[in-house]
Amino acid sequence: MEAFLSNPAVQGGIGPFVAGLVVAIVLGRFSLAGLAVAAGFGVCAYLLNGLAFAPLTATRKIILVTLAAAPIGVVVDGIARSSRTIGIALAVGFGVAAIWVFWSVLSQRPPQEAAAFGTVAAIAVGATVWLNHRLADAPVRAGAAAFALGVGGGIAAVLGASATYGLYAIAIGAGAGAFLLVQMLTNRRTAAGATLTLPAAVGGALFAAGAVLLAKLAWYALVPLVLVPLVARLPAPERAPVWLQAIVLSVYAFTAATASWILAWQLGLE
């Protein structure tokens, strides 16, 4: 059993997907299916990190912030899901949180370099949160964007020589994929809200930014990933079955993610 649970495919894919599927099915009736992302990520975090949070490294800070984003999303959904003011506040708040997450790394860099990398991380996280929050009321689009943010960011991290961050990010995509699959099979939209969009954006962006700061991913590979939620807003066949909409929107989202992979791959050739 230990060998099975230590398999990367189980840690980053199968385990998170199964957990996300169970949560999406069971909690869907309570408009909490969006917790599939947090559930999938939580399984991966437990399998890779256990319950240890001391010392509080940058990686463990990412885990804490990503997990905290889920209950914050639930609260946001109960207050005003589509409020622009809340969306901006979330973007600023998690952008600042990105500085805290990577402070131990930034503090060891020369001042100018630290300022540049810190700014990139904060903008990447803040912009992704803001753009993804705008999809909160569009569950199919939100699911497709979260799917691409997780898997897309994960593959980019792997190409940037950070396999562990890749697993964490792919787990987010696996949970989102489960959320999306339930909608495709039932042909019914399930509430997403900030419950889904917030942890997907926060986790996906933080792990991608971490691959820039702690591994070899080029900072400009983050740009296509940030644009994933924006691309997911492109026109789709609204009257078509949910499964077809999900496929079209996922293709849109993964087109942006693919651009990030190409940039990461080209850097690896240099």
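The values are calculated or read from the model by the stated rules, or taken from the named source; none is laboratory data. Keep in mind the model is a prediction, meaning the values are calculated, not measured. Quick reminder, even Gly has a Cβ in these numbers, built from the backbone with ideal geometry, and neighbours come from all protein chains shown.
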Members of the stretch 215-229 that are part of a helix (DSSP H, G or I) and either within 10 Å of the chain's Cα centre (by Cα) or under 23 Å from Gly93 (Cβ atoms) (or both):
Trp219, Leu222, Val223, Leu225, Val226, Val228, Pro229
Single unsatisfied condition, Ala174 versus (1) at pLDDT 95 or above; (2) within 19 Å of Thr255 (Cβ to Cβ)
(2)
Sole exception among (1) hydrophobic (A, V, I, L, M, F, W, C); (2) modelled with pLDDT under 95; (3) closer than 30 Å to Val26 by Cα; (4) buried (at least 24 other Cβ atoms within 10 Å of the Cβ) for Ile155, by number
(4)
Counted residues, the stretch 41-58 - those being closer than 11 Å to Gln11 by Cβ, touching a residue at least 60 places away in the same chain (Cβ under 8 Å) and either touching a Gly at 6+ places or on another chain (Cβ under 7 Å) or of a type in the set (Gly, Ala, Ser) (or both)
3
What residue, of Ala211, Ala194, is farther than 19 Å from Ala19 by Cβ, of a type outside the set (S, T, N, Q), without any contact (Cβ under 8 Å) to a residue 60 or more places away in the chain and surrounded by 24 or more Cβ atoms within 10 Å (Cβ to Cβ)?
Ala211
Of the listed residues (Ala136, Ala115, Ala98, Ala142), the one being modelled with pLDDT under 95 and buried (at least 23 other Cβ atoms within 10 Å of the Cβ) is Ala136
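Is there a residue in the stretch 117-133 that is over 30 Å from Pro241 (Cβ atoms) and among the polar types (S, T, N, Q)?
If we filter the stretch 117-133 for residues that are over 30 Å from Pro241 (Cβ atoms), which is where we start, we get 117-127, 129-130.
This time we only want the ones that are among the polar types (S, T, N, Q), so: 119.
Yes; the residues of the stretch 117-133 include at least one that is over 30 Å from Pro241 (Cβ atoms) and among the polar types (S, T, N, Q).
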